[in-house]
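Notes follow once the structure below has been shown.
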Amino acid sequence: MKERYFSTFQLFLLALFAALIVVAKIALHLPLQLSGHSGIFWMAIIIVAARVVPKRGAASLVGLTSGIMAAFLGLGDLGGLNTLLSYTMAGIGADLGLLLLRDPENYACAMLAGMFGHLCKFIVKWIFGMAAGAPVGFVVLGLAKALVGYIVFGALGGLLGALTLAALRKAGFFTYLLEKK
């Protein structure tokens, strides 16, 4: 019999991380009024999930699952398809970043992976804005500020994720996970 790529326990953990992203989107609001500020929470959770379940595709699966939940709950500002794609692309971008950088516990690697994942989410939002018929001048004018916000908050989210992983390691969480295998 063929062994599954993700165990049932790992799928359960990834589903919990996906739900945590949706709950964070609903419950945690920073009064910053800056584009992409929720990336602090999103990318931290995705980086932690990618290390807790250290297999390729873990972050993508968290992004896809949280996107399905968020679209079902009506979150997002441009409709269900945009919500699904932007959440999924944040996970895929983080997965690609971690595939290249390898170590989500390294602060610089986590920051770059968080930044790349959040930037992928920004690209989806930008494409939907252009497809919706937003004037090009208006989009370009707000693009630089929004782009900087997505980069900064994605990197901060990656850093928060790496700090969380360091705390989990210190608390013995990864030793516990090894015992569960």
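The values are calculated or read from the model by the stated rules, or taken from the named source; none is laboratory data. In this text the structure is predicted, and so the values were computed from the model without any measurement. Neighbour counts run over all protein chains shown; Cβ positions are idealised from the backbone, glycine included.
Data overview
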read-out: Checking Ser38 against (1) of a type in the set (Ser, Thr, Tyr); (2) over 11 Å from the mean Cα position of the chain (by Cα); (3) closer than 18 Å to Ala162 by Cα, the condition it does not meet; value: (2)
read-out: First in segment 106-125 and at negative phi and at pLDDT 90 or above, second anywhere and of a type in the set (Lys, Arg) and not in a helix (DSSP H, G or I), Cβ under 9 Å, 6 or more apart; value: Cys109/Arg102
read-out: Boolean, Arg51 is free of Cβ contacts under 8 Å to residues at least 40 places away in the same chain, under 19 Å from Leu165 (Cα atoms) and charged (D, E, K, R); value: no
read-out: Flag for Gly93 being under 15 Å from Leu14 (Cβ atoms), part of a helix (DSSP H, G or I) and either within 14 Å of the chain's Cα centre (by Cα) or of a type in the set (Val, Ile, Thr) (or both); value: no
read-out: Leading residue by the ranking (farthest from Ala50 (Cα to Cα)) among those in segment 13-29 that are of a type in the set (Gly, Ala, Ser) and crowded, with 17+ Cβ neighbours inside 10 Å; value: Ala24
read-out: Residue list for segment 82-104, filter: touching a residue at least 24 places away in the same chain (Cβ under 8 Å) and either surrounded by fewer than 17 Cβ atoms within 10 Å (Cβ to Cβ) or within 18 Å of Val22 (Cβ to Cβ) (or both); value: Asn82, Leu85, Ser86, Tyr87, Thr88, Met89, Ala90, Gly91, Ile92, Ala94, Leu99
read-out: Test: Gly76 is within 21 Å of Val148 (Cα to Cα), of a type outside the set (S, T, N, Q) and modelled with pLDDT of 90 or more; value: no
read-out: Selection status of Thr88, over 21 Å from Ile151 (Cβ atoms), part of a helix (DSSP H, G or I) and either in contact with a Pro (Cβ under 8 Å, 6 or more places away or on another chain) or among the hydroxyl-bearing types (Ser, Thr, Tyr) (or both); value: no
